[in-house]
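Worksheet for the structure shown next.
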Amino acid sequence: MNTIQDKRARILAAGTEAMLLKGYNGTGVQEITQGAGVPKGSFYHYFESKEDFAIQALHFYYTPRLERFAQALSAPDAGPRERILRFYRDLVGYFANQQEPTHQCFIGSLCHEKADESQPIGYAASAILQRSSAVLAECLSAAQQRGEIAGDQDPMELATFIGAAWEGALLRMKVDRQVGPLRTFITQLERLLQP
């Protein structure tokens, strides 16, 4: 990674972390650049505005997560239905191993604060959610073709529903401060994904 890419990545990493903790409105440009260890002017060299930063931060944060999601759902060691269930079970296990389960959903908190006010942020978030749904829909379609789940549902609609249910379960976990909602999600997902 060259110096320019490194500095931009440091700013994105520091700013994303700050926005995860404090939200968009609670995070200032100076805090972002101090966290990255760069002069404040560097921010505007790489980003047109704080809104532009947030859009790029969404892609910075979610691109590797979407790649891991795609890899998990295309692993050759299990059928498509089991790959889906295993992915979500592993996430539940991750949260269950925390002393007090918490989750900072960058896309959720950013959309809560800015999607109504900022059409570009809303579009960026929507595109990421669509990509996530498309990855899941591909695996659901493969499960249907193998007869592992019912074939009477549109895979993209089903994927969108599962993604929304997962986001809701994460929010409820944060409110309740326990993983019960995630376990309920898994139980219902197992019932939903039946032949």
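Nothing in this text is a laboratory measurement; each read-out follows from the coordinates by a stated rule. These numbers were taken from a predicted model, which means no experiment stands behind them. Glycine gets a Cβ as well: all are built from the backbone with ideal geometry, and neighbour counts include every protein chain shown.
A few comments on the model shown:
- Projecting the Cα atoms of Gln144, Gln99, Ala164 onto the dipole axis of segment 96-195, where Lys and Arg carry +1 and Asp and Glu carry -1 at the beta carbon, places Gln99 farthest toward the positive end.
- Selection from His112, Tyr62, Val38, by position along the positive dipole direction of the chain (Cβ): Val38
- The distance linking segment 180-194 with segment 112-131 is 27 Å (Cα centroid to Cα centroid, whole angstrom).
- Largest-first principal axis extents, alpha carbons of segment 94-195, Å: 41, 36, 16
- Long-range lysine pairs (8 or more apart or interchain), the chain, Cα under 14 Å: 4
- Note, ³J(HN,Hα) from phi for segment 42-56, Karplus 6.51, -1.76, 1.60, rounded to Hz, x at Gly and Pro: 4, 4, 7, 6, 9, 9, 5, 6, 5, 4, 4, 4, 4, 5, 5
- Rg to Rh quotient for the chain, alpha carbon positions, Kirkwood Rh: 1.02
- Degrees between helix 155-176 axis and first principal axis of the chain (Cα, 0 to 90, nearest 10): 60 degrees
- Length-normalised contact order for the chain - Cα pairs under 8 Å, 6+ apart - percent: 21 percent
- Degrees between helix 80-96 axis and first principal axis of the chain (Cα, 0 to 90, nearest 10): 50 degrees
- Nearest-ten-degree value, helix 119-145 long axis tilted from longest Cα axis of the chain: 20 degrees
- Dipole magnitude (debye, nearest 20) for segment 31-122, charges at Cβ of Lys, Arg, Asp, Glu: 360 debye
- Taking the Cα centre of segment 56-195 as reference, the dipole from Cβ charges on Lys and Arg (+1) and Asp and Glu (-1) amounts to some 320 debye.
- For segment 63-77, Karplus couplings with θ = phi - 60° (6.51, -1.76, 1.60), whole Hz, Gly/Pro x: 4, x, 5, 5, 5, 5, 4, 4, 5, 5, 7, 10, 4, x, 8
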